[in-house]
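Novice: Let me give you the structure first, and then I'll get to my questions.
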Amino acid sequence: MNLTLRELQAFVSVARVGSFTRAARTLNLSQPALTVQIRQLEDVLGVRLFDRNTRSVALTQTGKEFLPVVERVLGEIDAVALNARNLAEGQRGLVTVAALPAMASTLLPATIAAFKTEHPGITVRLRDGVMQRVLTLVKSGEVDFGVATTTRRDPEITISPLMADPVSVVFPAGHPLERQRRITLDGLLKVPLIVMNPEYSVRTLVDRILESSGKSVEPAFEASYVPTAIGLVKAGLGVAIIALSAAREPAQLAGLRVRAISHPALARHIGIIQRAGSSLSPAAERFLKAVRAACRRQAA
């Protein structure tokens, strides 16, 4: 059975106004063209839908039973079309983002909150994880894009710059480091160091720079989470090397100082990571634009 949308719309229009002439005018058709559409519909169904003479048009019993069904179907089609239009225009949709913990706990929450106020029809989901986890989620297509850093070339992904994130040291107020004009990586090797575990991009960056000069970190403690590292600093067990973006919570840093480490290469470059060959939905494009704007405001 091959029913066309135009035929169904023609049927409903005639049924509502009770006139082929008025229905044709509403549909911007000639009356003969409308009559052909109704006849084709009746031929496909094998029943008459209208009793008509030179004066009036009335629904048959079958036509009366058919009308509410067609009206419901056309209503559902209109709803689907509107939904598709909203998705295409980025007014509705679902966006899933993966991000490093430092980004997921500082930059993105406020960005998501502001975005939801402006775009209530778009749902944003956030998944946090270390660099390798973010890459895995992007490659598998489980997220629209990632906010992370990577120095490895990978044909499965594309990276576009977002922001520079200096590597910094966190220490208690009154520590000898507070009196130094410049804090160097070599100088930090002389004090008890609290570093993140090797899964973190900051640790990878620090290790790589030290290895290039034949040195290595001998940590007093390794932490898997930034709050753990900061807690160890507060207990006087050493100074912590973390990304500056991870040290933006005033309450967490009460009584501590944060200084960037002086080294031209000691900054990780945060980027937007996407699966190669894939394009973003309009909703994801809108959210990515909001993330970039938030980064510009933060850097200003």
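Novice: Checking Ser13 against (1) under 30 Å from Arg92 (Cβ atoms); (2) loosely packed, with under 15 Cβ neighbours inside 10 Å; (3) not basic (Lys, Arg), which single condition isn't satisfied?
Specialist: Every listed condition holds for Ser13 apart from (2).
Novice: Taking the stretch 207-229 only, how many residues are touching a residue at least 40 places away in the same chain (Cβ under 8 Å), under 17 Å from Leu100 (Cα atoms) and either β-branched (Val, Ile, Thr) or loosely packed, with under 13 Cβ neighbours inside 10 Å (or both)?
Specialist: Number satisfying all stated conditions: 1.
Novice: Moving to a separate point now. Take the residues in the stretch 191-244 that are in a loop (DSSP other than H, G, I, E, B) and among the acidic types (Asp, Glu), then tell me which one is modelled with the lowest pLDDT.
Specialist: Going residue by residue through the stretch 191-244, those that are in a loop (DSSP other than H, G, I, E, B) are 191-192, 197-200, 213-220, 224-225, 235-238.
If we keep only those that are among the acidic types (Asp, Glu) as well, we get 199, 218.
Values: Glu199: 80, Glu218: 87.
Here the residue is Glu199.
Novice: Have a look at Leu94, Leu108 and point out the one that is in a strand (DSSP E or B) and more than 30 Å from Leu3 (Cα to Cα).
Specialist: Working: Leu108 fails: in a strand (DSSP E or B).
Result of the check over Leu94, Leu108: Leu94.
Novice: Contact list please: Cβ distance under 9 Å, first residue in the stretch 66-78 and surrounded by 13 or more Cβ atoms within 10 Å (Cβ to Cβ), second residue part of a helix (DSSP H, G or I) and among the β-branched types (Val, Ile, Thr), pairs at least six apart or on different chains.
Specialist: Leu67/Val12; Val70/Val12; Glu71/Val12; Leu74/Val12
Novice: Pairs only if they're at least six apart or on different chains, beta carbon under 8 angstrom, first in the stretch 245-274 and assigned by TED's automatic domain parsing to the domain that holds Ser160 and assigned to a loop (DSSP other than H, G, I, E, B), second at pLDDT below 85 and surrounded by fewer than 16 Cβ atoms within 10 Å (Cβ to Cβ); list them, first residue then second.
Specialist: Ala247/Leu253
Novice: Do you know which residues across the stretch 251-290 are closer than 17 Å to Pro161 by Cβ and among the β-branched types (Val, Ile, Thr)?
Specialist: Ile270, Ile272, Ile273, listed by residue number.
The values are calculated or read from the model by the stated rules, or taken from the named source; none is laboratory data. Small disclaimer: the values here were computed from a predicted structure and weren't measured. Because the Cβ atoms are built from the backbone with ideal geometry, glycine has one as well, and the counts that use them run over all protein chains shown.
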